[in-house]
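In what follows, a single structure is set out as structure tokens and then discussed.
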Amino acid sequence: MQHQIDDELSRLYPDEKIKAKKVIIRKGRENYLCLLNFEDECRNSSSGNGNNSAIILGLMARWIEYSRNGDLSGGDFPSWLSDLFGHKYSRGLSDRRGECIHSLCNHYSRCFIENNIRRAKRADLIIANHALVMTQASSGALDMSEHNNHFIFDEGHHVFDAADSAFSAHLSGQEGWEMRRWLRGVDSGNKSRAKGLKSRCQDLLGEDSGNANDTGHRALTDLLHAALFLPSEGWHDRIATGRPVGTTEEFLLAIGKLLYARENSKNNGNGHYSIESEAVDIPPEIIKLAKILIKNISDILQPLKKLQQCLKQRLDSDAKELDSQTRARIDLICRSLTYRCQLTMQAWQQMLKNLIKNTDNDFVDWLAIDRIDGRDVDIGLYRHWIDPTIPFIEQVAKPAHAIVITSATLTDGSGDIEKDWQAAETRTGAKYLNSPAIRAIVASPFDYAKQTKVFIINDVAKNELKLLGAAYRELMLAAGGGALGLFTAISRLRVIHKNIKIPLENAGIPLYCQHVDGLNLPSLIDIFRAEVNSCLLGTDAVRDGVDVPGESLRMIIFDRVPWPRPTILHKARRQVFGKKTYDDMLCRLKLKQAFGRLIRRNDDKGVFIMLDAMLPSRLLGAFPEGVEIKRLGLAEAITKSKEFLSR
């Protein structure tokens, strides 16, 4: 979407040189290639540690020379290179762990990331994604001065979920290890340049007199020592084998035992997916560990605040001596200590206190084990706002001079116009503004009644996967390809893919599949867009992210009604936002998003097919007014689809 908007702005700024000064695309640091990471890999390769990587790095060097901005997640970087080279030598070269040493880096002046930030300060228009804006707001890094105080949120239906992610807190093994790494660096070995806070800020404290009472250096030493309670490298294996080291790992192991005990009591331990449980009826041993962790966090916060004071004091006492780069580094370290460490630690502390005595009514806390394909990948205590638009409005909307939120699927399709607008204001947080938001509706440029059909199949059992696969196969054959199959569960997707792949390919229709093919999603979408008669199977990310105009997408097949999963977080929000009404709204939103993939320009045409006879009539408001909606059998749907698409 960012790059689509960038392309459209060429109409406003036809001169590329002027456009480069006026318009900038902004993403998080993890999206851009880090030249120091690239240098490290080249050094390892030339020293004989990675001879097989020399060719790959040579090709990456050519792309670096050619690239406009070093963006690894779009723009001029071919997404298929990640599949060809592997993650390590493509996206793995970005700055993902906060290890940047800023002005100390030899590549600082030509750094893609820093140049992007510097250009953004001078640009008139900044095209950023929701995640970056929310993350910067939650970390205090959002610039609300002068030209950056007007916001347009396109795809505004994503505001709720973006805020939900940015303003949440996770006290988990992975998050704890990342925090320890940020503070202490890598404890074992010297292969990584991630040497922690000491290497990044020790020289900023001035000369160490060697006096044990030297405040700044003592605070830094105490802070790093206090961080030893956090999980260290290898935490996952130690917890899996019951050999935790430190209070946090003991806490996580105890949570894991509790979750598996509760899961076994429900279904005999037959859980393949992530496990979660409400943070209630907590055993005494976990409460005891939680109290120790609260003290551990206090032991970090005290020297952290002293360190900040010492750094800020130097800005005052050495004002005449400090150059601009040093002042900028001190300011950056102080802000990082506040938003990367202090606020996170304080959130963890509050979560632990709430675990002992439940008093925070604005949040949902729960225990969970994250699993992928039946394998535990993380474990911890999680906290989300019940309504994440509250911090969004307070930290983004209210400080702004103006904010516009727009989307083709912003309002609900309940049939009651006022209720539909109320749903939009709930999902965007507009109801919390000091004055009412201005509402506006613009008619669609597309003739949906002429360009589309909606068929609801009433004679296919949605849970009989063999029959469901047959329906997918025959519908895709009838369309001659150009079909997108959407699924509510990865397990269903994989079964259907296995059943229909060979018959489709025998008919000359290539079939691609998210979570099955060894390609990243952007690569799959690029291939699907280029091969007019191919088909693609996918889940939520495909439903919301596909932009395939023309004949390459002429049919969408949905396996069943996309009801929201009954997670602990969803159940809590359901109670606040209207129970059944809330479920219906979320379901209509998913249907709207799926249908919206079908028509991308005036000459497009296509068929939307739901293979679930249980789609209730109250959800049909998800489809544009005037579109023909029919409930019919599979055979009739195949015939009518073929007739409509062949006109």
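For this structure, a couple of remarks:
- Note on region 451-487: among residues that are of a type in the set (D, E, K, R) and touching a Lys or Arg at 6+ places or on another chain (Cβ under 8 Å), the one that is nearest to Leu620 (Cα to Cα) is Lys453.
- Selected residue (only one of Val561, Val542 is in contact (Cβ under 8 Å) with a residue 40 or more places away in the chain, open to solvent by less than 20 Å² (accessible area, probe 1.4 Å) and in a loop (DSSP other than H, G, I, E, B)): Val561
- Only one entry in Leu293, Leu322 is surrounded by 14 or more Cβ atoms within 10 Å (Cβ to Cβ) and in a helix (DSSP H, G or I), namely Leu293.
- Residue within region 326-334 that is surrounded by fewer than 15 Cβ atoms within 10 Å (Cβ to Cβ), out of contact with any strand residue (DSSP E or B) (no Cβ under 6 Å at 6 or more places or on another chain), in contact (Cβ under 8 Å) with a residue 12 or more places away in the chain and assigned to a helix (DSSP H, G or I) present: yes
- Looking only at residues in region 389-409 that are hydrophobic (A, V, I, L, M, F, W, C) and open to solvent by less than 40 Å² (accessible area, probe 1.4 Å), the one that is farthest from Asp583 (Cα to Cα) is Ala400.
- Long-range neighbours under 7 Å by Cβ, at least six apart or interchain, first residue farther than 18 Å from His102 by Cα within region 11-33, second among the charged types (D, E, K, R) and open to solvent by less than 30 Å² (accessible area, probe 1.4 Å): Tyr13/Lys19; Val23/Asp6; Ile25/Asp6
- If you check Met610, Met614, Met585 for being farther than 30 Å from Ile390 by Cβ and surrounded by 18 or more Cβ atoms within 10 Å (Cβ to Cβ), only one passes: Met610.
- Residue ranges of helices (runs of 4 or more DSSP H) in region 1-47 with at least 3 members farther than 29 Å from Ile525 by Cβ: 16-22, 35-44
- Selection of region 75-103 for residues being touching a residue at least 60 places away in the same chain (Cβ under 8 Å) and closer than 16 Å to Glu39 by Cβ yields Leu93, Ser94, Asp95, Glu99, Cys100, Ile101, His102.
- Of note, Lys21 does not satisfy the criterion of being at pLDDT below 90 and in contact with a Ser or Thr (Cβ under 8 Å, 6 or more places away or on another chain).
- Residue check for Gly242: over 24 Å from Val364 (Cβ atoms) and either under 26 Å from the mean Cα position of the chain (by Cα) or among the hydroxyl-bearing types (Ser, Thr, Tyr) (or both): no
- Cβ separations smaller than 6 Å between residues 6+ apart or across chains give no pair from region 609-635 residues that are closer than 19 Å to Ala483 by Cα to residues that are in a loop (DSSP other than H, G, I, E, B) and among the small types (Gly, Ala, Ser).
- Ile56 being free of Cβ contacts under 8 Å to residues at least 24 places away in the same chain and of a type in the set (Val, Ile, Thr): no
- Selection from region 425-439 of residues that are in contact (Cβ under 8 Å) with a residue 40 or more places away in the chain and either under 17 Å from Met555 (Cα atoms) or open to solvent by 50 Å² or more (accessible area, probe 1.4 Å) (or both): Tyr432, Leu433
- Index of the failed condition, Ala471 passing every other in (1) surrounded by fewer than 18 Cβ atoms within 10 Å (Cβ to Cβ); (2) in contact (Cβ under 8 Å) with a residue 40 or more places away in the chain; (3) part of a helix (DSSP H, G or I): (1)
- Elements of type helices (runs of 4 or more DSSP H) in region 364-461, at least 3 residues being touching a helix residue (DSSP H, G or I) at 6+ places or on another chain (Cβ under 7 Å) and more than 21 Å from Ala169 (Cα to Cα): 417-428
- Any chance Ile609 is farther than 16 Å from Ser414 by Cα, in a strand (DSSP E or B) and touching a strand residue (DSSP E or B) at 6+ places or on another chain (Cβ under 7 Å): yes
- Within region 243-269, restricting attention to residues that are more than 26 Å from Phe229 (Cα to Cα) and polar (S, T, N, Q), the residue that is modelled with the highest pLDDT is Asn264.
- Subset of region 480-508 (residues that are within 19 Å of Val548 (Cβ to Cβ) and open to solvent by less than 10 Å² (accessible area, probe 1.4 Å)): Gly481, Gly482, Ala483, Leu484, Gly485, Leu486, Phe487, Leu493, Leu504
- Scan of region 335-362 for residues that are assigned to a loop (DSSP other than H, G, I, E, B) and either modelled with pLDDT of 95 or more or open to solvent by less than 40 Å² (accessible area, probe 1.4 Å) (or both), ordered by number: Asp360
- All of Asp412, Asp370, Asp365, Asp378 fail the test of being open to solvent by 10 Å² or more (accessible area, probe 1.4 Å) and either at pLDDT below 90 or farther than 24 Å from Ala279 by Cα (or both), apart from Asp412.
- Among the residues listed as Val460, Val454, Val442, the single one being more than 27 Å from the chain's Cα centre (by Cα), surrounded by fewer than 16 Cβ atoms within 10 Å (Cβ to Cβ) and not small (Gly, Ala, Ser): Val442
- Pairing each residue of region 206-221 that is closer than 17 Å to Leu304 by Cβ with any residue that is assigned to a loop (DSSP other than H, G, I, E, B) and modelled with pLDDT under 85, provided the two are 6+ apart or on different chains, yields C-beta distances under 8 Å for Asp214/Asp208; Gly216/Gly206; His217/Asp208; Arg218/Ala212.
- Filter result for the condition that a residue is assigned to a helix (DSSP H, G or I), free of Cβ contacts under 8 Å to residues at least 40 places away in the same chain, within 12 Å of Ser552 (Cα to Cα) and over 23 Å from the mean Cα position of the chain (by Cα), over Arg529, Arg494: Arg529
The values are calculated or read from the model by the stated rules, or taken from the named source; none is laboratory data. The shown structure was predicted, so the numbers you read here are calculated from the model rather than taken from an experiment. Backbone-built Cβ (ideal geometry, glycine too); neighbour counts: all protein chains shown. In case anyone asks, the SASA skips ligands and DNA or RNA and just uses the protein heavy atoms, side chains included. Shrake-Rupley method; radii C 1.70, N 1.55, O 1.52, S 1.80 Å.
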